[in-house]
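First comes the structure, then the notes that go with it.
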């Protein structure tokens, strides 16, 4: 005779019997919980058999089994099962007619927690085998996936029932880019659960642009978490100093007190986390963000400088597949932590000489492009760099138009990046508007800086 082990824990025999009974008797509840419930979560075999028959009936006939249908199934479909198990299933089904589940509210409220704990237990058992192969990233992913079970409460959009929802404004909580032209076409900037990508060749200023975007979020009072995979955290911090205050990087050490006076009252918060190149994965970032959240630090903007330097969670045959998976994982992180993520990507060789960089110049391109919500490129010829100029090309925009080219003023000496105003063209159609550079000469810039320094030294 098979003896069932009685579990006196919080989710023991009584709880599991009640849960399975509710799944059979309460169809709306069954519709929800079966989205996350694995039959193997149920520890008692006769309950697993009963639940399996219930779920199989739903999948086969697209409706919930009636009492009569289940009675027939129990009488006819269990012949291959052990006689003792057959009797246990019959006894359980018979008891369901004579008792009501007394803790309906409690079982419904805690059923998701039960599924998560059972799933975590299975993940930990799986991790034992992975530990023997030192597959630490796989272990981390397995555990994190288990913890996320049921975090998505949306079981599908009902076209008719949810009619009003598609006419209700969506609260994206966008974070401004600091450029009115870009904010105007994105609905205010990059929104929560969205991924933005800056494309540029080496030396064009990808990191500078990311610092600019982070600085604008700081000014809005956001908590910015900036991951640097190439430069030291202090180097990134100094760039923020320069971007926020306007003091040049080369001379900022002489204005320590002035910098502090300007940044100490900023409403936002900045966390800079440095990882060596190819040492961190998206799981590493997820773990760090989770620790911050536990400390009460909730990110308003995440910056990864830059995604191509992350280590893939899973090794793939081709580099483009690895990079594609990294961007998919970043997109998932933005959804998990409900905030936008900005990152950057390198161009291929053709991007070095391109007048305007398009998505064709993105290194290992299109796997990255699929998941991003907003993509813009930064191109700067040698002549552009000499004149502190460049171009921004809006390559992709899920929230509005794309394809625009903007000329920019970009002074990397103090992380000053502005989109230049559009002015009427001097020749051609009278109403035609084009972007024209309106930049100060090098001498004008020097005179302005000199005047600012003189004023500051007099204050000292």
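The values are calculated or read from the model by the stated rules, or taken from the named source; none is laboratory data. The structure presented is a predicted model; accordingly, all values stated were derived computationally and were not measured. Heads up, the Cβs are rebuilt from the backbone with ideal geometry, glycines too, and the neighbour counts pull from every protein chain shown.
Across region 379-398, which residue is modelled with the lowest pLDDT among those that are in a loop (DSSP other than H, G, I, E, B) and surrounded by fewer than 18 Cβ atoms within 10 Å (Cβ to Cβ)?
Residues of region 379-398 in a loop (DSSP other than H, G, I, E, B): 380-381, 387-388, 398.
Filter once more, so that each one left must be surrounded by fewer than 18 Cβ atoms within 10 Å (Cβ to Cβ): 381, 387, 398.
Working: 381: 87, 387: 92, 398: 91.
Result: 381.
Quick one: residue 175 ticks every box in (1) more than 27 Å from residue 329 (Cα to Cα); (2) modelled with pLDDT of 90 or more; (3) not assigned by TED's automatic domain parsing to the domain that holds residue 380 bar one, so which box is it?
(1)
Looking for something surrounded by 14 or more Cβ atoms within 10 Å (Cβ to Cβ), touching a residue at least 12 places away in the same chain (Cβ under 8 Å), closer than 25 Å to residue 371 by Cα and touching a helix residue (DSSP H, G or I) at 6+ places or on another chain (Cβ under 7 Å) - is there at least one such residue anywhere in region 181-193?
yes
Residues of region 260-276 being over 24 Å from the mean Cα position of the chain (by Cα) and either part of a strand (DSSP E or B) or crowded, with 20+ Cβ neighbours inside 10 Å (or both), which ones?
none
When residue 256 is evaluated against the numbered criteria (1) in a helix (DSSP H, G or I); (2) within 29 Å of residue 174 (Cβ to Cβ), which criterion, by number, is the only one it fails?
It fails just one condition, (2).
From the list 238, 202, 234, 186, which residue is under 20 Å from the mean Cα position of the chain (by Cα) and on the phi < 0 side of the Ramachandran plot? Talk me through it step by step, then tell me what you get.
Details: 238 fails: under 20 Å from the mean Cα position of the chain (by Cα); 202 fails: under 20 Å from the mean Cα position of the chain (by Cα); 234 fails: under 20 Å from the mean Cα position of the chain (by Cα).
Answer to the check: 186.
Could you check how many residues of region 63-89 are in contact (Cβ under 8 Å) with a residue 60 or more places away in the chain and outside any loop (DSSP other than H, G, I, E, B)? Quick ask: steps written out before the conclusion?
The first filter runs over region 63-89 and keeps only residues in contact (Cβ under 8 Å) with a residue 60 or more places away in the chain, leaving 82, 84-85, 88.
If we keep only those that are outside any loop (DSSP other than H, G, I, E, B) too, we end up with 84-85, 88.
Residues that pass the stated criteria total 3.
Pick out the one residue from 294, 278 that is at positive phi and at pLDDT below 90. Explain how you work it out, then say what you get.
Details: 294 fails: at positive phi.
Going through 294, 278 in turn, just one is at positive phi and at pLDDT below 90: 278.
Any residue at all in region 219-227 that's under 16 Å from the mean Cα position of the chain (by Cα), surrounded by fewer than 23 Cβ atoms within 10 Å (Cβ to Cβ), assigned to a strand (DSSP E or B) and at pLDDT 90 or above?
The answer is yes, given that some residue of region 219-227 is under 16 Å from the mean Cα position of the chain (by Cα), surrounded by fewer than 23 Cβ atoms within 10 Å (Cβ to Cβ), assigned to a strand (DSSP E or B) and at pLDDT 90 or above.
Could you count how many residues in region 342-369 are part of a strand (DSSP E or B) and modelled with pLDDT of 70 or more? Steps first, answer last, please.
First pass over region 342-369, keeping only residues part of a strand (DSSP E or B): 342-347, 362.
Still in the list and also modelled with pLDDT of 70 or more: 342-347.
The number of residues fulfilling the criteria is 6.
Under the condition of being in a helix (DSSP H, G or I) and surrounded by fewer than 12 Cβ atoms within 10 Å (Cβ to Cβ), which residue from region 122-133 is modelled with the highest pLDDT?
Initially, region 122-133 is screened for residues in a helix (DSSP H, G or I), giving 122-132.
Of the ones still in play, those that are also surrounded by fewer than 12 Cβ atoms within 10 Å (Cβ to Cβ) are 125, 128-129, 132.
Details: 125: 77, 128: 73, 129: 70, 132: 68.
So, considering only residues that are in a helix (DSSP H, G or I) and surrounded by fewer than 12 Cβ atoms within 10 Å (Cβ to Cβ), the one modelled with the highest pLDDT is 125.
Given the conditions (1) surrounded by fewer than 18 Cβ atoms within 10 Å (Cβ to Cβ); (2) touching a residue at least 60 places away in the same chain (Cβ under 8 Å); (3) touching a helix residue (DSSP H, G or I) at 6+ places or on another chain (Cβ under 6 Å), report the number of the one that residue 328 does not fulfil.
Here residue 328 clears every test but (2).
Residues in region 11-18: is at least one part of a loop (DSSP other than H, G, I, E, B) and touching a helix residue (DSSP H, G or I) at 6+ places or on another chain (Cβ under 8 Å)?
Taking region 11-18 first, the residues part of a loop (DSSP other than H, G, I, E, B) are 11-12.
When the remaining residues are screened for being touching a helix residue (DSSP H, G or I) at 6+ places or on another chain (Cβ under 8 Å), the result is 11.
For region 11-18, residues part of a loop (DSSP other than H, G, I, E, B) and touching a helix residue (DSSP H, G or I) at 6+ places or on another chain (Cβ under 8 Å): present.
Looking only at region 27-50, count how many residues are assigned to a loop (DSSP other than H, G, I, E, B) and out of contact with any helix residue (DSSP H, G or I) (no Cβ under 8 Å at 6 or more places or on another chain).
Pass one, region 27-50, residues assigned to a loop (DSSP other than H, G, I, E, B): 34-38, 42-44.
After this cut, where a residue has to be out of contact with any helix residue (DSSP H, G or I) (no Cβ under 8 Å at 6 or more places or on another chain) as well, the list is 35.
Final tally of qualifying residues: 1.
Say whether the condition of being under 20 Å from residue 196 (Cβ atoms), modelled with pLDDT of 90 or more, touching a helix residue (DSSP H, G or I) at 6+ places or on another chain (Cβ under 9 Å) and in the same structural domain as residue 347 (by TED's automatic domain parsing) is met by at least one residue in region 244-263. Give the steps one after another, and end with the answer.
Here is the first cut: in region 244-263, the residues under 20 Å from residue 196 (Cβ atoms) are none.
Scanning region 244-263 turns up no residue that is under 20 Å from residue 196 (Cβ atoms), modelled with pLDDT of 90 or more, touching a helix residue (DSSP H, G or I) at 6+ places or on another chain (Cβ under 9 Å) and in the same structural domain as residue 347 (by TED's automatic domain parsing).
How many residues does region 90-116 contain that are surrounded by 16 or more Cβ atoms within 10 Å (Cβ to Cβ) and in contact (Cβ under 8 Å) with a residue 24 or more places away in the chain?
We begin by selecting, within region 90-116, every residue surrounded by 16 or more Cβ atoms within 10 Å (Cβ to Cβ); these are 90, 92-93, 96, 101, 107-108, 110-112, 114-116.
This time we only want the ones that are in contact (Cβ under 8 Å) with a residue 24 or more places away in the chain, so: 92-93, 96, 101, 107-108, 110-112, 114-116.
The total comes to 12.
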